[in-house]
Amino acid sequence: MEEVKKLSSLQIILLIVSGRLITVYAFMPITNTPPANQDMWISELLSGIYTIIICIPILFLSRRFPDMTPVEYSEKILGKLLGKIVGLIFISFLSFVGLFDLLSMSEFLGSTIMPETPAYATMLFMLAACIYTIYKGIDVIGRIGEIFVPFIIFTIIFFILLSVKDMDFKVFLPILADSDLSMINYAALSTASRFYDILILCMAVPNLKNKGELNKIFFISVIVITLLFCAITVSVYAVLGVKQAEHANYPFFTFTRQINLFDFIQRIESINVIAWVAGTFVKYCIYIYFATIGLASILKVKSNKYFIIPISAVLLVIALFTKLSKSVVINNMLSYKFFPKLAFVIESVIPLILLVIYFFRRKSLTCAK
Amino acid sequence: MNKTAVKRVISLILIISFAPAASGCWNRHELNTLGILGALAVDMEGEKYKLTFEIIKPKPAAGSKKGGGEKDEPVKFIQSTGDSLLDALRNATLSFDRKIFMPHAKAYIFSEEVARKGLLNYIDFLQRDHETRRTTYILIAKGSSAAEMLNATGGIEDIPSNYIERLIEGQKFNSKSLSIRLLDFLKYYYERGKQPVIGIIQKKEKAIKEAGGEKGKTEYELSVEGAAVFFEEKLVGFLNGMETRGLNFIMGKMYSGIIVSPSPDGEGINSVEILTSGSKNDVEIKGKEAKLKVKINITGMLEEELAKIGTKDPEVIEKIEKANSQEVKNEIEGVIGKVQQEYKSDIFGFGEVVHRKYPGEWKKIQKDWNDIFSRAEVNVEVETKITRTGLTNDPVNKRED
């Protein structure tokens, strides 16, 4: 009999925050989402509201089925075959995020500090550490999150405070003159759609200590993430200027490189990379952990441990031997044209369909496991 | 084998496999394989680039100097040519035994020719590469080739690049030069309503020879006085020191400086040290005509009074304030006039003011803005407040008889 593993509310909040924050920390896709001008911070703030709206269906379902993951209750709602297909879609998305994580890991390290280190080396070492962690289970991942994620948040605040003197807030003027509301809303929706980490929250529901706090956990994560995003965007724009940030592949890294306080605190971008690698590590662990959990429940296998190495190996092979590991491909995948749309379908459209069907069948369904 | 033994073996394997990663020695740069770049000078030779590198020599600490009067040069100069900046950089390893390491570069110096052809067309590498930094200063070499700037030593610093860096940072004492980093240059360039300006550097013959210097040999020092004016990516001309100070006044980058103005009563001069200076720029648009307004607020301290007037009297101080304001006003009107007539390039950022104030209009006039700017009416207002008069009241040359 497997012991029941539990996550505290703080742990799951930190895991969600790290998952969402890591993309912004390195790539900041908002700088390339149209209208890509000085009003983007408004979009960021608005995206908080959109995130809440987008996530209502899946959150509602998770409250109805507090002992099940989305993979399990979709089988319950849709019946065996269709339910398994939907479950597989969820799992492939989780694995895809893991793959993307792996790709961006080698991409970011290779472009910023270690161009001569081959991709397989970075990926292998990261995977070895991740697989070990995933074997140890969710409570270990939760505790790792408790160590790493506060550090990541601390670095963000630290970098921003160090460059306050270089900021020129005039770049944000004129407000709302160069972009119309529809574009700002589009950017907000696109940013909100990147909050696919709601899947992690829903997958983790059976493991939560306080299931009643589900809404509270969700709201706190959204608020923390939105505020941090806004702080990052505003400071990067204020230091680099809007266009220079748009042209940078890694705006926040470029921003960190310019920090120079009294000719004394300078050249500290390695801290940026360290924090980012730590965050990517946590993110990979959590996504692949839940992918294996989902797979185990679809195939009715008792333990998820059989799938950890196979999934990681498949992802490694895909990452190394396809054309995916190119900066251009990764950046295009991340852009507003692809990732948010895919994530929107997974986190909002599919749960909405599930929700509608659930309402028709709710009398004949039992919500317990 | 029981379970604990298996676990031990696995952890041992893991530890051994992770150990090499911990030292991080894949992409390593050992100090004794690097040539640390102090400054880079870029010249053109026909269609090719000629790069001059100043490499800092790792030398033993000052205490352990070998006997003998031989002076050890702290740097080495290396030249290489190539089809592009990066190509030339790598070609340097053909004749130099260390790989040139960019992150510690203090300044990139470009020759006038490169700047006139369009600086932005050449420096993509400097922002794309992961070793270069955007916090490095950029300068335009005026008068002579960029390479020549590297071997003049006029300062206390032994290393020429440190000397150049200190000169640039001296901007805050004289305000007659510009300290522009690559980051700032790109920021100005991307902004539609502001044209870039960069600091310049020129070589000057030294007035006083060094003690112990060779006879008959001319010695040179450097000067960063002035500024280079760009229109989009191309250099269009230069400003002299006083004009650059006017520019700094308008851009609000005036940290200190001495304003010399004629004394109110006509005989002699007085100097005011600037303590703080604030600027407020405004533009009024009427159709296709613009009116530029500059408002400067100076707080200063009377540092020199060479006329025989009593500075105890508040009225006299007020007169000095007025004279001082007039001086600054002339300076600012001078620089705006010159830029309007000769360069037609809005280096002051009035376009950004228009963008903020009339966002709708700006979209229409954005393309012709530099023309509109160059025929705009200028209105400068300067207000000086002398808060301190130093340690004496009446000047020494004023005698009570």
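Across the protein assembly as shown, counting alpha-carbon atoms alone, Rg and Dmax equal 32.0, 115 Å. Contact-buried residues of the stretch A:241-256, at a threshold of 40 Å² lost accessible area versus the chain by itself: A:244 (1.4 Å probe; DNA, RNA and ligands ignored). Summing charges over all other residues whose Cβ lies under 15 Å from the Cβ of residue A:57, with Lys and Arg as +1 and Asp and Glu as -1, gives +2. Whole-Hz Karplus values for the stretch A:330-337 come out as 5, 5, 5, 4, 7, 5, 4, 6 Hz, taken residue by residue from phi with 6.51 cos²θ - 1.76 cosθ + 1.60 and θ = phi - 60°; glycine and proline positions read x.
Pull out the extension gain between residue A:121 and residue A:182, defined as 0.36 nm times the separation in residues minus the alpha carbon to alpha carbon distance; nm, one decimal.
Details: separation 61, 0.36 × 61 = 21.96 nm, distance 4.49 nm.
Between residue A:121 and residue A:182, full extension yields 17.5 nm more.
All C-alpha to C-alpha distances of the stretch B:242-401, sorted into 10 Å bins beginning at zero, yield P(r) values of 11, 36, 26, 16, 9, 3, 0 percent in whole numbers. What is the stretch A:179-273 by shape, rounded, prolate or oblate, if you read a ≥ b ≥ c off the alpha carbon gyration tensor as root eigenvalues and call it rounded for a/c under 1.5, prolate for a/b larger than b/c, and oblate otherwise? Oblate is the answer for the stretch A:179-273, as a/c is 1.5 or above yet b/c matches or exceeds a/b.
A 24 angstrom limit on the alpha carbon distance is what I want to check against. Which of B:280/B:308; A:6/A:136; B:319/B:398; B:76/B:204; B:176/B:363 exceed it? Long pairs (Cα-Cα over 24 Å): B:280/B:308; B:176/B:363.
Within the shell defined by Cβ-Cβ distances under 14 Å, the residues around residue A:215 carry a net charge of +3, with Lys and Arg each +1 and Asp and Glu each -1. The convex hull defined by the C-alpha atoms of the stretch A:261-356 has an orientation-averaged projected area of 10.3 nm². Restricting the stretch A:180-284 to chymotrypsin sites (Phe, Trp or Tyr not before Pro) that sit in a DSSP loop and have at most 15 other Cβ atoms within 10 Å of their own Cβ leaves A:262, A:264.
Exceedance of the 22 Å cut-off in Cα-Cα distance is limited, within the set B:50/B:99; B:234/B:367; B:57/B:99; A:84/A:209, to A:84/A:209. Take the Cα radius of gyration of chain B and divide it by 2.2 N^0.38 Å, N being the number of residues; the result is 1.27. Here the 3J(HN,Hα) profile of the stretch A:258-266, calculated from phi with Karplus coefficients 6.51, -1.76 and 1.60 at θ = phi - 60°, is 8, 4, 8, 10, 6, 6, 10, 9, 8 Hz, Gly and Pro shown as x. Among DSSP beta bridges whose residues both lie in the protein assembly as shown, state the antiparallel percentage, nearest 5. In the protein assembly as shown, approximately 65 percent of DSSP beta bridges are antiparallel ones. Atom-type composition of the exposed protein surface of the stretch B:242-401 places 47 percent of the accessible area on carbon and sulfur (1.4 angstrom probe).
In this structure, the amide hydrogen of residue B:75, modeled 1.01 Å from its nitrogen in the peptide plane, lies closer than 5 angstrom to those of B:57, counting only residues at least 5 positions away or on a different chain.
Placing a label point 7 Å from the Cα of residue A:173 along the Cα-to-Cβ direction, the residues of the stretch B:359-386 whose backbone N falls under 18 Å from that point are B:359-363, B:381.
In the stretch A:244-294, the inverse of the mean reciprocal separation of distinct Cα atoms equals 13.1 Å; this is its Kirkwood hydrodynamic radius.
To the nearest 10, the accessible area of residue A:338 is 80 Å² with a 1.4 Å probe. Only helices enter this figure: runs of n ≥ 4 DSSP H residues, each worth -39500 (n - 2.57), summed and divided by the residues of the protein assembly as shown, yield -16000 deg cm²/dmol at 222 nm to the nearest 500.
With r as the distance between the Cβ atoms of residue B:383 and residue B:95 and R0 = 45 Å, compute the FRET efficiency 1/(1 + (r/R0)^6) and round to 0.05. That pair, residue B:95 with residue B:383, gives E of 0.15. The residues of the stretch B:242-401 have, on average, 51 Å² of accessible surface per residue, using a 1.4 Å probe with all protein chains present. The aspartates and glutamates whose alpha-carbon is closer than 14 Å to the alpha-carbon of residue B:117, local same-chain residues fewer than 8 away aside, are B:43, B:45, B:47, B:232, B:233. Note on the stretch A:1-154: Cα-only Rg and Dmax are 18.5, 56 Å.
Trypsin sites (Lys or Arg not before Pro) within the stretch A:313-344: which are DSSP loop residues with at most 10 other Cβ atoms inside 10 Å?
Of the trypsin sites (Lys or Arg not before Pro), the ones in loops of the stretch A:313-344 whose Cβ has at most 10 other Cβ atoms within 10 Å are A:323.
Label-to-label distance for residue B:172 and residue B:342 is 3.0 nm, based on points extended 7 Å past Cα in the beta-carbon direction. Could you check what % of the DSSP bridge pairs in chain B are antiparallel, to the nearest 5? Bridges in chain B are about 65 percent antiparallel.
Relative to the current alpha-carbon distance between residue B:6 and residue B:129, full extension at 0.36 nm per residue lengthens the span by 39.6 nm. Around the Cα centre of chain B, unit charges on the Cβ atoms of Lys, Arg, Asp and Glu (plus for the first two, minus for the last two) sum to a dipole of about 1940 debye.
The values are calculated or read from the model by the stated rules, or taken from the named source; none is laboratory data. The shown structure was predicted, so the numbers you read here are calculated from the model rather than taken from an experiment. Note that we place each Cβ from the backbone using ideal geometry, even for glycine, and neighbour counts take in every protein chain shown. Accessible surface is based on the protein model in full, side chains and every heavy atom, while ligands, DNA and RNA are left aside. Shrake-Rupley method; radii C 1.70, N 1.55, O 1.52, S 1.80 Å.
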